[in-house]
1. Would you confirm, using the coordinates I've provided, whether residue 61 is β-branched (Val, Ile, Thr), within 20 Å of the chain's Cα centre (by Cα) and more than 23 Å from residue 144 (Cα to Cα)?
2. Residue check, residue 68 against (1) loosely packed, with under 15 Cβ neighbours inside 10 Å; (2) within 17 Å of the chain's Cα centre (by Cα); (3) farther than 19 Å from residue 14 by Cα, all met but one. Which one?
3. Of (1) farther than 22 Å from residue 124 by Cβ; (2) loosely packed, with under 13 Cβ neighbours inside 10 Å, residue 73 satisfies all except one. Which?
4. Quick one: in segment 1-59, of everything that is touching a Phe, Trp or Tyr at 6+ places or on another chain (Cβ under 8 Å) and in contact (Cβ under 8 Å) with a residue 60 or more places away in the chain, which residue is surrounded by the fewest Cβ atoms within 10 Å (Cβ to Cβ)?
5. Which number in (1) in a helix (DSSP H, G or I); (2) among the polar types (S, T, N, Q); (3) more than 30 Å from residue 174 (Cβ to Cβ) marks the one condition that residue 82 misses?
6. Go through 138, 152, 166 for me and flag whichever is surrounded by fewer than 16 Cβ atoms within 10 Å (Cβ to Cβ), at pLDDT 85 or above and farther than 30 Å from residue 42 by Cα.
Amino acid sequence: MKRIVDGYFNLLKFIIAACLAMMVILVFGNVVLRYAFNTGISVSEELSRWFFVWLTFLGAIIGLREYGHLGVDMLVSRLAPTGKKACLIASQLLMLYATWLFLQGSWQQTVINLDVMAPASGLSMGIFYGVGVVFSVSAGLILFYDLYRVVSGKLSEAELVMVKESEELAEVEELQKELDEQERHAHATDSRR
C-alpha cells in the first residue's frame, strides 16, 4: 500500500513539474512570438492559467502530506500531550469539514461546466474545476489517515504538533536533530573503544 501511495505522490510531483514546464514554454514562446514575429499563441494565456491552478492545488496536496503548511503552534506546543491531541483532533475535524464543503462546491462546478467550452482552447471547463475534486478527495484521505493515527495513538508527542511557526524554525529544529544524532553516534563510538 505504501508503494501505491508513494507512487501517487510521485505522479503528482511529475504533473506539477510538467505544468510548470508547459507554463514556461507557453508564456516564453508567446512573448518571443509577439515581439519577434508580431504573432502569438492564442491559447497561451488560458492554458498557462489552467496549468497554474492545477499545479497550485496539486502542490497543496503534497504540502498537506509532508506537513509543509505553516501554522501557529505558539499555544499548542506548550500544551500537555492530552491538550495537543485534543487540538489536533479538533483541527483535523474542522479541516475535514472544510474539505467536504470544497468537494461539494467543486463537484457542482465541474458538473455544471462539463458542457461549457473554454473560449480560446475549446476544452471543457469541467477540466478546470475538476482540480478541486482531485484536491478534495486527496486531502480528505490524508486528513482521515492522520485523524486515524491520532485517535489510535500511533503518533508520538512530537508529531502531535503538525505545523510550524516558520520555515526557519523548522530548519533549525531539523539541524538540531541531526547534531544530536551525530553526538549520540560519536558517544556510542567512544564507548566501544
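The values are calculated or read from the model by the stated rules, or taken from the named source; none is laboratory data. Since the structure is predicted, the reported quantities are computational estimates derived from the model, not experimental observations. We place every Cβ from the backbone using ideal geometry, glycine too, and count neighbours over all the protein chains shown.
1. When the stated conditions are applied, residue 61 does not pass them.
2. Residue 68 satisfies every listed condition except (3).
3. Condition not satisfied by residue 73: (2).
4. 53
5. (3)
6. 152
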